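The block underneath contains the structure these notes are about, expressed in structure tokens.
Bear in mind that the values in this text are calculations on the coordinates, not laboratory data. Predicted model only: the values in this text are computed from it and were never measured. Counting neighbours? That spans all protein chains shown, and the Cβs are built from the backbone with ideal geometry, glycine included.
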Amino acid sequence: MRTVILGGGIAGCALAAALRGSQLGAEVSILERRTVSKPAGMGFLLLENGIRGLEQIAPTVAWRRQGQPIERLRLRASNGADLDAPRIAPALCVSRAKFLALLRTATGDATWLEGRSLIDFALDETDWLTHVRCDDGSSIQGDAFFACDGAASRSRSLAFPHAQLGSVVVQEIVSTAYAPALAQRLGTTFHKFHAAAGGLAVGLLSESPDTVVWFVQFDSRRHQAPTKDGPSIARFVTERLRGWSSEVLAAVEATDFDLSHVWETRDLMPLTDIHRGNLALVGDAAHACLPFTSQGANGAIEDAAALQRLLANIGTKADLRAALPTYSALHRHQRRRVFDEGRRLRDAFLQPLAERAPAIPLVE
């Protein structure tokens, strides 16, 4: 059977790895609008549910030895004073580029179709997807299709036009800094700094012995977002974080803001079904969540692991038609819980510290 994966990020690579050895994994095409050498993003937290999923879909890789262990969480005021140190389950901070390169090795003989974007679907009289049309005029035929094209999924907009992303309230600037002394100082602790007035926070994590992944989250209604060029981002960050803790200022000093990414965070109202015919939504295309939950990549890996179990013995159109409704129903309660928790964490983030305790920025 021919499988078409729409999107070659974490969700797409994880799914291609998960399908290896099955009939659906015999002929896999991955459509990716970027080139493989230019992945988006800086780094993320790999939580226990994501690690378990990776160990299932690509068991030959020592996933628990990738990245920097994160064993503790310190919630702090902008001046560095400690606010709380809640216990967390151990996690890993991983470089997105390095992680994707490793995950791609698990995709096997999948055919990569880079630099192409999805334009439209072609459906038969039974509402069964037969092929997709791309912006370069080409078409890709398949028997099973998986939309792994992120929160702003073109696939989802075509198949589920009623699906609505939430409005942009919080934006995030994600950066990396080559700062060995700061990385050693942070160690295995995730440091999250909060402005007293709310609506502004900074997170710092060591990604390796010499590199720090860090982010600035801000209420876009109170702070006008910078344009996406390096000098504008640098001005915004320098002005907003003046007088913050020494760790934050060290990260600012060591950052090349030309490489930073401005992210307009949006979530997806939970869908009853995440499949239509022989098309299934995977990862953020199915259940985009706010970054406070740290569940974007982890949820995508969980989806891939679930599909591996459900599709292992699929060999016919009838098999696929029977299996995908089960995938839609799986984790439905968890998808709703992560959505609700993301909204709760966002609302807490927007409030002054005097009115609430800082929220733990992780959802298991």
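Over region 1-112, what lengths in whole Å, largest first, do the semi-axes of the equivalent ellipsoid take, defined as the square roots of 5 times the eigenvalues of the alpha-carbon gyration tensor? The partial results should precede the final answer.
Working: eigenvalues 220, 50, 21 Å².
They are 33, 16, 10 Å, listed largest first.
Per DSSP H run of n ≥ 4, the term is -39500 (n - 2.57); total these for the chain, divide by its residue number, and report the mean residue ellipticity at 222 nm rounded to 500 deg cm²/dmol.
That calculation yields -9500 deg cm²/dmol at 222 nm.
If you stretched the chain out fully between S139 and R309, how much longer would it get, using 0.36 nm times the residue separation minus the C-alpha to C-alpha distance?
58.3 nm
Using only the alpha carbon atoms of the chain, find the Kirkwood hydrodynamic radius as the inverse mean reciprocal pair distance, in angstroms to one decimal.
21.1
How much of the DSSP bridge set in the chain is antiparallel, in percent, rounded to the nearest 5?
Numbers: 45 of 67 bridges.
Once the DSSP bridges in the chain are tallied, antiparallel ones form about 65 percent.
Out of region 52-148, which trypsin sites (Lys or Arg not before Pro) are coil in DSSP terms and have no more than 15 other C-beta atoms within 10 Å? The partial results should precede the final answer.
Values: sites: R52, R64, R65, R72, R74, R76, R87, R96, K98, R104, R116, R133; in loops: R87, R116.
Answer in residue order: R87.
Can you give me the long-range amide H partners of L83? Hydrogens built in the peptide plane at 1.01 Å from N, cutoff under 5 Å, separation of 5 or more residues or another chain.
L75, R76, A77
Could you run the Karplus curve 6.51 cos²θ - 1.76 cosθ + 1.60 with θ = phi - 60° over region 16-29 and give me ³J(HN,Hα) per residue in whole Hz, x for Gly and Pro?
With coefficients 6.51, -1.76 and 1.60, one gets 4, 5, 5, 7, 4, x, 9, 5, 6, x, 6, 9, 10, 10 Hz.
Show the residues, 5+ positions off or on another chain, whose built amide H is closer than 5 Å to the amide H of A179.
Distant-sequence amide H within range of A179: T211, V212.
Got a sec to turn the phi values of region 296-312 into Karplus ³J(HN,Hα) couplings, 6.51 cos²θ - 1.76 cosθ + 1.60 with θ = phi - 60°, whole Hz, x for Gly and Pro?
Once θ is set to phi - 60°, the couplings for region 296-312 become x, 5, 5, x, 5, 5, 4, 4, 4, 5, 5, 5, 4, 5, 6, 9, 4 Hz.
Calculated FRET efficiency, R321 and R356, Cβ-Cβ r, R0 56 Å, to nearest 0.05?
Computed FRET efficiency for R321 and R356 comes out at 0.70.
Can you compute 3J(HN,Hα) from phi for each residue in region 320-333, using the Karplus curve 6.51 cos²θ - 1.76 cosθ + 1.60 with θ = phi - 60°, rounded to whole Hz and x for Gly and Pro?
Values per residue, Gly and Pro as x: 5, 4, 7, 7, 5, x, 5, 4, 4, 6, 4, 6, 4, 5 Hz.
Run through region 53-148 and list the GluC sites (Glu not before Pro) located in a DSSP loop whose Cβ has at most 12 other Cβ atoms within 10 Å.
Answer in residue order: E125.
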